Amino acid sequence: MTGQDWIEKDFYSALGVPKDADDAAVKKAYRKLARRYHPDQNPGDAAAEAKFKEIGEAYAVLSDAEQRQQYDAVRAMAGGGARFAAGPGGGGNGFEDVFGSMFGGGGAGPNVRYQQYPQGGAGGGGFEDILSSMLGGQGGQGGFRSGGRRAGFTTPQKGADVAAETTLPFRTAVEGATVEFTVDGRKVKTKIPAGVNDGSKLRIRGKGRPGSGGGDAGDLVVTVHVAPHPVFTLDGANLRMSVPVTFAEVALGTTVEVPTLDGHTVRLKVPAGTPSGRVLRVKGRGVKTAKAQGDLLVTVQVTVPQKLSKKAKEALEAFAAESDHEDVRAGLAQRAAE
């Protein structure tokens, strides 16, 4: 960015803030506009891309106290942004008139010339070098300088995201935990919410790598793995488990005791005729999160004895003889042929 750009461009207007806006107001205005005109939000929109660049230029200068002071001084000297140009004849404070009066020229008009030479050319510095020396900087390469630092434009860039993984014991995943990570030598602590499921990804804002040019830091993206439990599994805020029952229990109906994760038991009624695989719900015995209280979902699993005594076998044979001989596979072949 050249010194002429500083004269021509109104950075305050670009961000929509007054000239006396404080740093917080400047940053807030920039973030709002950057979200609105970011190329990712406006793919293929050349006007939005140009606006995004414009507000980035403005923020790069106004967010730096030293550059902002220089910018204000240059703009004030230029009368608020009019381009320096030599007027054709008397009157009209052009480039030569302004600088002529500053250096004792007495308003010499077009008779006084200040040539801008290419960088490294003969004859010393040009327009930007003169302004730089007036503002206490150093002349030389690359436009305005202060303390040897280029007051150029750098587009604010968000820092890179950092990926991390952690494996939690099942009970810890249910109850929540605080986990510590090391990111580029920094210790980062984050809270894992209660009820996080295996494979969940958590995004911790601003804990990734630092941004550049005034951009925000990246994020820390944590993939959570949950160690398996011998009885329970997580399903959102619900806990799931299977409970084995006998054929006689589901045929006649029964009440069984099932364990809960907190170490207690609850009595669960299994209605007569309950088929294997049916899910029965115990309200409020799942995971307690900030938003909900889950349930315990119990799957009824009918077990088949591997070995029968003589009396048990005789009893089953008698049961089979007394049954209504309903064909439980009726229509199966027909459905398979559809």
Revision key, fill the gap. Any residue on another chain or 5+ positions along whose placed amide H is under 5 Å from the amide H of Gly294 is listed here as Gly286, Val287, Lys288, Thr289
Exercise for review: Count charges around Val221 for me, please; just the other residues with Cβ under 9 Å from its Cβ, Lys/Arg as +1, Asp/Glu as -1.
Suggested key: 0
Practice item. Would you mind checking the range 200-243 for residues with the amide N under 14 Å from a putative spin-label position 7 Å along Cα→C-beta of Lys291? Key: 201-203, 236-238
Check your understanding: What is the calculated FRET efficiency for Val279 to Glu175, with r their C-beta to C-beta distance and R₀ = 35 Å, to the nearest 0.05?
Key -> 0.90
Point to revise | Residue-span extension gain [His325 to Arg31] - 0.36 nm each, minus C-alpha spacing | key: 98.3 nm
Revision key, fill the gap. One would report the antiparallel percent of DSSP beta bridges in the range 233-309, rounded to the nearest 5, as 65 percent
Review point. What is the local net charge at Ala73, summed over the other residues whose Cβ is closer than 13 Å to its Cβ (Lys, Arg +1; Asp, Glu -1)?
Key: +1
Exercise for review: Would you list, by chain and number, the aspartates and glutamates whose Cα falls below 15 Å from the Cα of Lys313, excluding same-chain residues fewer than 8 positions away?
Suggested key: Glu322
Check your understanding: Using mean Cβ contacts within 10 Å as the protection proxy, how do 289-298, 327-336 order, highest first?
Key -> 289-298, 327-336
Check your understanding: Over what distance in Å are the Cα centres of the range 248-275 and the range 209-238 separated?
Key -> 36 Å
Study note, to complete from the structure: Exposure proxy check on Ser212, Ser309, Ser242: fewest-to-most Cβ neighbours within 10 Å is Ser309, Ser212, Ser242
Revision key, fill the gap. The answer for the net charge of residues other than Thr166 whose Cβ lies under 13 angstrom from its Cβ, with Lys and Arg +1 and Asp and Glu -1, is 0
Review point. Simple spin-label model, 7 Å along Cα-to-Cβ: Lys310 to Lys187 in nm?
Key: 7.4 nm
Review point. Which aspartates and glutamates have a Cα lying under 15 Å from the Cα of Lys207, excluding residues fewer than 8 positions away in the same chain?
Key: Asp161, Glu165, Glu180, Asp184, Asp216, Asp219
Study note, to complete from the structure: Final fewest-first order of Lys307, Lys51 on the 10 Å Cβ neighbour count is Lys307, Lys51
Practice item. For Lys291, list the lysines whose Cα falls under 17 Å from its own Cα; do not include residues on the same chain fewer than 8 positions away. Key: Lys191, Lys283
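Rule-based calculations on the coordinates, nothing more; no lab input. Since we're looking at a predicted model, the values are computed, not measured. With ideal geometry, Cβ positions are generated from the backbone for all residues, glycine too; neighbour counts draw on all protein chains shown.
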